[in-house]
Every structure is written in C-alpha cells, then in structure tokens.
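K.L.:
Take this structure first; my questions come after.
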Amino acid sequence: VIADTKTGSIVSSTCLIPQKFSYEEGSVFGAGLPELVGTHPDCRRRGLVGEQFEALHRWSEERGHLMQAIGGIPYYCRRFGYEMAVYMGKGRRSYANDIPAKPSHATEGDSAPRSHTLRPASPNDVRFLADLHQEVSRRLR
Ligand SMILES: CC(C)(COP(=O)(O)OP(=O)(O)OC[C@H]1O[C@@H](n2cnc3c(N)ncnc32)[C@H](O)[C@@H]1OP(=O)(O)O)[C@@H](O)C(=O)NCCC(=O)NCCS
C-alpha cells in the first residue's frame, strides 16, 4: 500500500497472489497475479501504481514465479509490460435451435422423438469433459 505520510491514510494499493499455472500436462509452475489495483481519486496520475508494480514484480521474481498475469485494463496494463494473452470469461455459445431436434431425414411436422437433448453437466460427465479438454488442448500446442 501507499499511505499519506501526514494522515496515514492509504491512498493506493494492490496485492500479489501466488498461483500455480499449468501449461502442458505435468508442467506446473508458479505465477504471480497482481490484483485489486486502486488509487484514491484525489491521488491518481502520480505513478503510484507503477511504483507498486515494480515492488510486486520484484517479489514475484524472488518467489521464483516464471510469469505474472493480470486481468486488468488492457491499455493501462501494457504500460507495465503486460501483453494481451487470452480472453477472460469467454466461452462457447450454443443456441437451442442448433441442437438437432429430429433425425436429419425427418420432415416438417414429423412427430419423431428428438435425436439430442440439452441438460446440465453432472459429476458423471467429468471424465468425458476432462478427456475432451485434453484432446482439444493437444491441438493448441
Ligand atoms: C486505474 C487506476 C488504478 C490508475 O491509478 P493511478 O495511481 O492513477 O495510476 P498511474 O498514476 O500509475 O497511471 C495513471 C495513468 O493511467 C491512465 N489510466 C487510468 N485509468 C485508465 C484506463 N481505464 N484506461 C487507460 N488508461 C488509464 C491515466 O490516464 C494516466 O495516464 P497519464 O498519466 O499518461 O495521463 C485508478 O484510476 C483506479 O483506481 N481506478 C479504479 C479502479 C480500477 O479500475 N482499477 C484497475 C483494475 S486493473
């Protein structure tokens, strides 16, 4: 944190969260996540975050982290050496209409049962989902 020397009030703060990342199967390494970055509105644009990031990056290196990652404001974080890596909170969207309702040979108005159903994943699906994830990740190496 950075505190006002006269009042003792905290005017800017951040923190470093140590995490384990895995890149490929079996390749696990330490990484540091700067988080909760904030400066009091009256004290912004004085480079206070930059000073704290210098300390965080040093601590992260001292802890043997191979990289730092941040889920922050892309343009702002570039100032501290970060580059866009992966989108966060993205996923695949499927529409109910894309789920085959009937066998492909069915005609309009056919009362044939649905050929596929949509349901929430259950613990029984974990093995299948994990295998699928491994298979897809392999293509990205
Ligand atoms: C973003 C924030 C932490 C910057 O704090 P700060 O102490 O002013 O940071 P610095 O002095 O190191 O840098 C300020 C610079 O960043 C720029 N900046 C601030 N917010 C920005 C944003 N959203 N996008 C792009 N640039 C931004 C300022 O324009 C300023 O640039 P300049 O001095 O060249 O004009 C502060 O505005 C804040 O607390 N915002 C609300 C919380 C937040 O968004 N936190 C970030 C989460 S990653």
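The values are calculated or read from the model by the stated rules, or taken from the named source; none is laboratory data. This is a predicted model, so every value here is computed, not measured. Here the Cβ is made from the backbone with ideal geometry for all residues, glycine too, and neighbour counts use every protein chain on show.
K.L.:
Considering only region 71-92, I want to know if a residue exists there that is closer than 30 Å to S137 by Cα, touching a Leu at 6+ places or on another chain (Cβ under 6 Å) and at pLDDT below 95.
P.N.:
no
K.L.:
So the check is Cβ under 6 Å with 6+ separation or different chains; which pairs have a first residue in region 41-53 that's farther than 19 Å from I17 by Cβ and a second one that's near the ligand (Cβ under 6 Å from one of its atoms) and among the hydroxyl-bearing types (S, T, Y)?
P.N.:
L48/S12; L48/T39
K.L.:
Here is a further query. Residue under question is K102, and the condition is that it be touching an Asp or Glu at 6+ places or on another chain (Cβ under 9 Å), at pLDDT below 90 and part of a loop (DSSP other than H, G, I, E, B); does it hold?
P.N.:
Details: touching an Asp or Glu at 6+ places or on another chain (Cβ under 9 Å): yes; at pLDDT below 90: yes; part of a loop (DSSP other than H, G, I, E, B): yes.
It is true that K102 is touching an Asp or Glu at 6+ places or on another chain (Cβ under 9 Å), at pLDDT below 90 and part of a loop (DSSP other than H, G, I, E, B).
K.L.:
While we're here: Could you tell me which numbered condition I70 fails, if it satisfies all but one of (1) touching a residue at least 24 places away in the same chain (Cβ under 8 Å); (2) in a loop (DSSP other than H, G, I, E, B); (3) more than 9 Å from the ligand (Cβ to nearest atom)?
P.N.:
With (1) touching a residue at least 24 places away in the same chain (Cβ under 8 Å); (2) in a loop (DSSP other than H, G, I, E, B); (3) more than 9 Å from the ligand (Cβ to nearest atom) applied to I70, the lone miss is (3).
K.L.:
Tally up the residues in region 74-83 that are surrounded by 11 or more Cβ atoms within 10 Å (Cβ to Cβ) and part of a loop (DSSP other than H, G, I, E, B), please.
P.N.:
3
K.L.:
(1) of a type in the set (F, W, Y); (2) in contact with a helix residue (DSSP H, G or I) (Cβ under 9 Å, 6 or more places away or on another chain); (3) assigned to a strand (DSSP E or B): which one isn't true of F29, the others all being true?
P.N.:
(2)
K.L.:
Let me ask another. Quick check on my filter: what residues within region 11-59 are within 16 Å of the ligand (Cβ to nearest atom) and closer than 30 Å to R138 by Cβ?
P.N.:
I17, G32, L33
K.L.:
May I pose another question? Report, by residue number, each residue of region 11-34 that is more than 30 Å from E135 (Cβ to Cβ) and surrounded by 14 or more Cβ atoms within 10 Å (Cβ to Cβ).
P.N.:
V11, S12, S13, T14, L16, G32, P34
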